[in-house]
Amino acid sequence: MLPVEMLRMDPQEKARLDMEVNRFNFETFEKDQENGRIPRQSLGKDDFLQLLMKQLSYQDPLNPMDDREFIAQMAQFSSLEQMTAMSQSFAHLSNNLSRDFARIAEMISGSEAATALGKTVELVIGEDNTVQGVVRSVTKGGDPQIMVNGFYYNWSQVTEVFDDAN
């Protein structure tokens, strides 16, 4: 085995090696751009498997990889796959919940408007204008409309509903 001092590069060798590596990376990047490939900033499970297979195929037969190290890498891969699956499940669940909450909000808004039928309401129109009148008709849907004094208004414009029983 060589002493550590002999394995160190002098500054000129390091600079030359850095230039070669940078040139290789730049040329590879340009070829990838020409072929329509886009470089990524993160590695996925396929990249992990490719690296592991390369590592196994190029290992020194006289000094093979420690089986504990191999098992640790496989455990990391398994963990990565489980996290990816969970992430996809959460994304799917999130999309479904958003859609369901929107439907629930529409139903609540529509039922609120329907309960105002026959009652006096106050609406804000524009900046400072208010209208008061009895709700004579209600449309259903995601954005219910109410008829007050012969005109339709959005339910969202209602600021107050009065109990006409008094």
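Here is a yes/no grid of residues against (1) at pLDDT 85 or above; (2) in contact with a strand residue (DSSP E or B) (Cβ under 8 Å, 6 or more places away or on another chain); (3) of a type in the set (S, T, Y):
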position: F77; (1), (2), (3): no, no, no
position: L93; (1), (2), (3): no, no, no
position: S98; (1), (2), (3): no, no, yes
position: E106; (1), (2), (3): no, no, no
position: K119; (1), (2), (3): yes, yes, no
position: E122; (1), (2), (3): yes, yes, no
position: G133; (1), (2), (3): yes, yes, no
position: R136; (1), (2), (3): yes, yes, no
position: T159; (1), (2), (3): yes, yes, yes
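Total residues in region 10-53 satisfying the condition of being more than 25 Å from A75 (Cβ to Cβ), of a type in the set (A, V, I, L, M) and at pLDDT below 75: the figure is 1. Within region 63-71, identify whether any single residue is in contact with an Asp or Glu (Cβ under 9 Å, 6 or more places away or on another chain) and loosely packed, with under 10 Cβ neighbours inside 10 Å, and answer yes or no. No, there is no match, as no residue in region 63-71 is in contact with an Asp or Glu (Cβ under 9 Å, 6 or more places away or on another chain) and loosely packed, with under 10 Cβ neighbours inside 10 Å. Of all residues in region 63-95, exactly one satisfies the criterion of being among the acidic types (D, E) and closer than 12 Å to F48 by Cβ, namely E81.
Scanning region 95-121 for residues that are outside any helix (DSSP H, G or I) and of a type in the set (S, T, N, Q) turns up just one, T120. T159 fulfils the conditions (1) surrounded by 12 or more Cβ atoms within 10 Å (Cβ to Cβ); (2) in contact (Cβ under 8 Å) with a residue 12 or more places away in the chain except for a single criterion, (1).
The values are calculated or read from the model by the stated rules, or taken from the named source; none is laboratory data. Quick caveat, the model's predicted, so the values are computed rather than measured. Cβ sites come from the backbone with ideal geometry, for glycine too, and all protein chains shown count toward neighbours.
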